[in-house]
1. Take the residues of the range 8-19 that are more than 13 Å from the chain's Cα centre (by Cα) and of a type in the set (S, T, N, Q): which is surrounded by the fewest Cβ atoms within 10 Å (Cβ to Cβ)?
2. List every residue pair whose Cβ atoms sit under 9 Å apart, with the two residues 6 or more apart in sequence or on different chains, where the first one lies in the range 60-80 and is under 15 Å from S37 (Cα atoms) and the second, anywhere, is basic (K, R).
3. Just give me the residues in the range 51-82 being of a type in the set (G, A, S) and surrounded by 15 or more Cβ atoms within 10 Å (Cβ to Cβ), in sequence order.
4. Regarding R79, is this residue of a type in the set (D, E, K, R), in contact with a Phe, Trp or Tyr (Cβ under 7 Å, 6 or more places away or on another chain) and part of a strand (DSSP E or B)?
Amino acid sequence: MTTYTMTGETRSGRPVYKSSYDYYLFYYQSGDSWYVSTRLRNDYVYMYVDDTSNYAEDISGTWYLVDGTNSFRPNSLVRVTCVSGGLSGGAIAGIVIGVLAGVCLLVVVPVTICLCKKSGAVSPA
C-alpha cells in the first residue's frame, strides 16, 4: 500500500499529490490526462488516464499502465475512490501495481488509488 498526500502545489489548477515512495500523481494539461511519474513532467510516465477532472477522485476514465515493452495497456480495473475518515485531509492510500513492484510486469488485478477529497485551497481550472 502506498500513501499519497497533497503537496500544496498545483498543475493547471489541479492539486499535485506525492507518495511516500516519491511518485507524483498530477494533471498534465497538454495531454488532458492525469499521470503517475517520479517527476512532475511527462517524459517518463508509469500510468495515466485521459480525464479532465479537477480532483483525482473524480476520475472516471480508463487507466493505462506501462508494460515490459514500454507500451501502455488499458486496465479497466483501476479505480479512484474517496476514503472517508482515518486519513488526514488530502491523503491518498492506494495500491499501485506495476509502478512500485516492477514496471516491466503487466499485472491484471484490481488496483485502487484512494484519496481524501478537496483538502486545501485549490481552485478549479
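Only the coordinates and a few stated rules stand behind these numbers; no lab work does. Since we're looking at a predicted model, the values are computed, not measured. Cβ atoms come from the backbone with ideal geometry, glycine included; neighbour counts cover every protein chain shown.
1. The qualifying residue surrounded by the fewest Cβ atoms within 10 Å (Cβ to Cβ) is S12.
2. W63/R79; Y64/R73; L65/R73; V66/R73; D67/R73
3. Of the range 51-82, the ones of a type in the set (G, A, S) are 53, 56, 60-61, 68, 71, 76.
The answer is S53, A56, G61.
4. Working: of a type in the set (D, E, K, R): yes; in contact with a Phe, Trp or Tyr (Cβ under 7 Å, 6 or more places away or on another chain): no; part of a strand (DSSP E or B): yes.
So R79 does not fit the description; no.
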